Structure formats: C-alpha cells, structure tokens
Amino acid sequence: MASTQAQLKMALQLHQRGDLRGAEAHYSQVLSAEPNNYTALVNVATIYLSKGEWQRAERSLKWASLTNVANPEIFYKLGFSLQQQGKLDEAIVAYQKVLKKQDNYPGVYSQLGMIYHQQAKFEEAISAFQKNITLQPNSVDGYYNLGFAFQCLDKLDEAVFCYQQVLKIHQQHFPTYTNLAICLKRQDKFVESIAAFQKALAIKPSSSDMNVLHEVFYNYGLTLYSNSQIEEAIIAYKEAIKLKEDYPEARLSLGLALLLIGNYPEGWPEYEFRLNDTEKYKIPNLTKWNGTLNDAPELILLGEQGIGDVIQFLRYGKLLKKSFPVVSIAVDKSLCNLVEQTKIFDQVYSFPVLPSSYNPNAKWIFVLSLPGLLNISYQNPILTEPYMIAEANRSGFWHSKLQSSSSLVVGLNWQGNPKVEECNDFKGRSFKLSEYELLASIPGLQFVSLQKGYGSEQLETCTFKDKFVDCQDEISAAWDWMETAAIINSCDLIITSDTSVAHLAGALGKPTWILLKKIPEWRWALEGETSPWYPSVRLFRQTEAENWMQVMLKVKEELQKLLMKG
C-alpha cells in the first residue's frame, strides 16, 4: 500500500491536472490515515467548494482551522461555505477572523458587504463595499454592489454616481444600465432613464440577464408611461409579457394604458389582472359570475379598491336589476348608509359578508369587472344620470348653514391617501391646500373644506383661512359619508383633486371641477374638458407635469367668468 506521503503527492498531481474525482479519492485516503493532515483538509475542501458541497467543505475547513489558525485563506473559504448555506452570522465571524490576520485580504469586504445586504443592513454593507473599492479601485462588482446598496436606502444620487463609475470601466454592463435607469426614474428624470433602458436593451443579454429581461421591459414601460409616451409604453409592456406570460404586474399596467387611450375592448381583459390583491374580498363557496344574464337568484357586487371606484361603478347595479331577481352589493361599513340611500340594491352588505346573509345559490362579481362584462366604453358609459342621493333632512340642515349669504359656496378637496399615491398611477394626483391661495383673492367666494384625514391639518396654518365658512369646524368633525353627501349637495360648486369626493360629487350631479395631473388615471382619458361618466363634471388638466399653478390660473379665470354671470 502506498505511503500517506505518496497518496498526498498523487492527490496533488491529479488536482493540478483537473482530475477532481481522482484527487478527492486520494485526499480521502490520506485523511483516513492522518485526519489532521492540513494540506489534504484544505485541498479537499477546495474541491467540495467547487462542487457546491458546502457542508462537507465547512467540516473540512473547520478541522483545518484547528490545525493552522494563522492562515487567513482557511477562514475565508470557511466563511464562503457558511455564507452559501445561509449561515450568515457564522460567516461574518469567519470573515472577521480573516481581517484580524490580514486586513487587506482580497474579496473579504465584498463578501461581508453582500451578507450585510442580504440581512438588509445596508449601512454596514455600504461601509464594507467602500473598503473593498479602496483595495480594488477598478472593481466593476465593487461599484455595482455599492450602488445597489445606496439604491436600497433611497440614496439615489450616490447610487447613480456608483453606476456611472461602473460604466466608465465596463460600458456593456447590463445590470448597471437597468438599475441606473430605475434610479433615474425614481428621480423623475424620465428622459435620462429612458436612454439608460435603451442602452441596456441594446446589449446582447447573458443567460442571467435573460432571467430578468421581462422586468427590464416592464420598468421601461413604466418610465415611458410616466413620460407621456403611452403608445411606446404599451409596446414595452407587450414585450415583457412575451418573455413572461404569467406577469400580472405587466398585464395590469398594459390594461391601464389601453384604457387610458380609450382602447376598452383590449383593456378590460388585462385590467382583470388587478385581482391578485383582492382575494380577501371574495365570498367563499359561491360561484363567480361570468356575465351570463338571469343565471342566479341573487347577484352580489363586491366593492373593491378605493371609495371612489365603488361609487363610480355601483351605478351598473341599476342595469343588472333588469336581469336578476335580487341584486346586492357588499361594501365597507362606512359606505353602507350612503349606498342604501341610492335605492339601487335589494340588499347592502358590509364586509365580511356572513354566509347566513345571502342566497346559497347566489353568484358574485367585483364591481370594477362589470364594465368589461357589460361592454362599457368611454364613449358609451350607458348610465350617466345622477344616481347618488343626499338625505333630504341633512341637506336642508347644511343648506341653511352654507347658503346664508350671497357668496358662491365652493367645496374644496385636495389630498388623497398618500400611501395609495406611492403607486405609479396615482403619484402626483394630489396637491397642497396652499395651491388654492390664488383663488382666495376672488371676491364673492366662500370656501368649504371637504378634506378629511390626510391633508386636513393644512387648514390650521392656511393663509386664507378667513375665506372658509364659519361652520367649518362643524363640517370638519362630520366624518360620515351621508353627511359629506349632504354638505356637497349644499355647495354651489366643488373643486377637487382626483379623489373619492370627485366621484361622489359627480354621482350626485353637482357641478364639479376636477383638477388632473398630466397623465391622469385611466378613467379620465388624455384629453377633453368633459367626462362621459359624470355630465356635471368639468376637467382641468395639467399641460406640464407637477405644474398646478397653470391649472389654478385657468380655474381662477373660469371662476371669475362664473361670478360675472351671476
């Protein structure tokens, strides 16, 4: 039998020639005879690492570290094996031992940075990546990883700088262009973002790049959409869907874009992909309605998304009553009284709907799925007459308070839910109360704040607070939707951003001016001053993104004309 030294020599020769299987076998024989053989332990661990056998590598390296505690390479490889197994805290300890022995050991700071990033410890990751760049100033991965950590902390200027450094070194780095484009989009630098996306898409993608190419086309589409290039965005969304058919985010964005340009036949089916986040509203044990008329003893419409969405589309319950014995609706509890007041529905349920409440053979449908099933289009909404009703006694109460002078009473609303407005489609639809200051100089006006919750605190520091009605505190305390409807009904005019108040006022038939951002939500289309959804509504559109002053100047001009007419 060959000696241990001969076995080790043969193992090293086979290892050098690339015969890993043979080398591993000889190293194993050496370790059977000499379990503490340092050379065999380290080299067989290297083979295990190359094969992705992380646990075996870990065992060998831990044993080797007991034999030679001075060698930083052992702890580096040990840290890597632990890292690959997800033993991140143990890996950090191993890498820190490397640095105690050699503080400029290549690659350690990079690996530490990636672990900290994985643990969402982005500040620590940034520190590690910066030290890595100090040691390797021309490292593509170093600057890229540092940029990505900055991006995760929303430090976009720093991220952009790092990505630009990568591109000075490697001008064909696909991931850098895509992340640079995303950062620029988040900074609202849409033209620069689009250019970066186009450079990324001009690069022949690697196999790993192909795995995310659908996301690149999707984000490219979002940026084009934000830059008012709707047709181009539609093309990008379709490319994303070609690469990944099961891509609900892209399908929904495609649907929204198609609806915005008035392509309702193609848009409605794609809009159904919004339903990924509406599972909580479904009624168990009942069948979803497929659009066939007269096929159930009861049809239950399910409210979804925002209050304004429900108000806009509950109107179609009136149409469906011709085809079902019972048409019901389920909405948030806060809306129940207001919806009951319409007399459209046989039953108004509040969520969650109890099984004892409805017919066991009933069917259900989401309220925003109705337009697609009923072939509703922007040109043909079918039902346009007012359908919401303000309660007579409450309307009389508020009318006596608000119409006690000859002033034109204007209800104001300005702010939607800021959490909702983090979304691409809603971002920028609201503005501050101070934007209305331009209107305050017009004589003969009295304002009513219809703002509740978010944004209502701005009234306290408003420079034109004296323009608001004397009973404003009483109005601000009235949170019930029935009260809001009565207050709106008692105003002469409503001026509002795109919020639920706009829908309620429109559905009441109240003269309403809705102030829209440059790329509005799909229901308002891209042009025109009128809306087929609500004949009493007039639309005032931004011509330049985020420029509300231009909108307010137009509103002021039209208000002055209205007052002159008397």
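We did not get these values from a lab; they are worked out from the coordinates using the rules stated. The structure presented is a predicted model; accordingly, all values stated were derived computationally and were not measured. Neighbour counts are summed over all protein chains in view; Cβ atoms, including those assigned to glycine, are modelled from backbone coordinates with ideal geometry.
Points worth noting:
- The range 121-200 shape via C-alpha gyration tensor axes, a/c threshold 1.5: oblate
- The range 279-373 shape via C-alpha gyration tensor axes, a/c threshold 1.5: rounded
- The chain: antiparallel DSSP beta bridges as a percent of all, rounded to 5: 5 percent
- Relative to the current alpha-carbon distance between Gln171 and Ala195, full extension at 0.36 nm per residue lengthens the span by 7.2 nm.
- Whether the range 152-244 is rounded, prolate or oblate, judged on the alpha carbon gyration tensor where a/c under 1.5 counts as rounded: oblate
- For the chain, the dipole from Cβ point charges (+1 on Lys and Arg, -1 on Asp and Glu) about the Cα centre works out to 980 debye, to the nearest 20.
- Under the Karplus curve 6.51 cos²θ - 1.76 cosθ + 1.60, θ = phi - 60°, whole-Hz ³J(HN,Hα) for the range 181-190, x wherever Gly or Pro sits: 4, 5, 4, 5, 5, 5, 8, 6, 9, 5
- Cα-based helix-to-principal-axis angle, 108-118 vs the chain, degrees rounded to 10: 30 degrees
- The label-point distance for Leu153 and Gln472, in a model that sets each label 7 Å from Cα toward Cβ, rounds to 4.2 nm.
- Note on the range 209-263 and the range 511-530: Cα centroid distance 22 Å, given to the nearest whole angstrom.
- C-alpha long axis of helix 140-152 to longest principal axis of the chain, angle in °: 30 degrees
- Distance-filtered residues of the range 406-420 - backbone nitrogen under 20 Å, label point 7 angstrom along Thr463 Cα→Cβ: 412-415
- Taking each of Lys518/Lys554; Lys185/Lys427; Lys77/Lys97; Lys9/Lys101; Lys452/Lys561 in turn, the alpha-carbon distance tops 20 angstrom for Lys9/Lys101; Lys452/Lys561.
- Computed from backbone phi, the HN-Hα couplings of the range 361-372 come to 9, 5, 10, 10, 7, 5, 5, 7, 8, 4, x, x Hz, rounded to whole numbers (Karplus: 6.51 cos²θ - 1.76 cosθ + 1.60, θ = phi - 60°; Gly and Pro given as x).
- Set of the range 456-497 residues, backbone N closer than 13 Å to the point 7 Å along the Cα-Cβ line of Glu437: 461-465
- Helix axis angle, 248-260 relative to the chain longest principal axis, alpha carbon, degrees: 30 degrees
- Potential lengthening between Glu527 and Lys244 on full extension [0.36 nm per residue; Cα-Cα distance subtracted]: 98.6 nm
- Calculated [θ] (222 nm, deg cm²/dmol) that DSSP helices of n ≥ 4 give over the chain, each run adding -39,500 (n - 2.57): -15500 deg cm²/dmol
- Computed E for Thr287/Asn380 - FRET, C-beta separation, R0 25 angstrom, nearest 0.05: 0.30
- Look at where the Cα atoms of the range 40-61 and of the range 406-433 average out, and the two centres are 61 Å apart.
- Across the range 308-432, the relative contact order, built from alpha-carbon pairs under 8 Å that are at least six residues apart, equals 21 percent.
- Peptides 44-50, 403-409, ordered by how many other C-beta atoms sit within 10 Å of their residues on average, highest first, read 44-50, 403-409.
- Euclidean distance of C-alpha centroids, the range 289-313 and the range 74-102, integer Å: 58 Å
- Between Lys565 and Gln187, the distance separating the two model label sites (each 7 Å from Cα on the Cα→Cβ line) works out to 4.7 nm.
- Zone of Gln136's modelled label, taken as backbone nitrogen in the range 81-113 under 12 Å from a point 7 Å along Cα→Cβ: 105-113
- The chain: relative contact order in percent, alpha carbon pairs under 8 Å with at least 6 residues between: 8 percent
- Computed from point charges on the beta carbon alone (+1 for Lys and Arg, -1 for Asp and Glu), the dipole magnitude for the range 279-373 about its Cα centre is near 160 Debye.
- Once the chain from Ala6 to Lys100 is taken as fully extended at 0.36 nm per residue, the excess over their C-alpha distance is 30.3 nm.
- Using θ = phi - 60° in the Karplus curve 6.51 cos²θ - 1.76 cosθ + 1.60, the 3J(HN,Hα) couplings for the range 13-24 round to 5, 5, 4, 5, 7, x, 8, 5, 5, x, 4, 4 Hz; x is entered for Gly and Pro.
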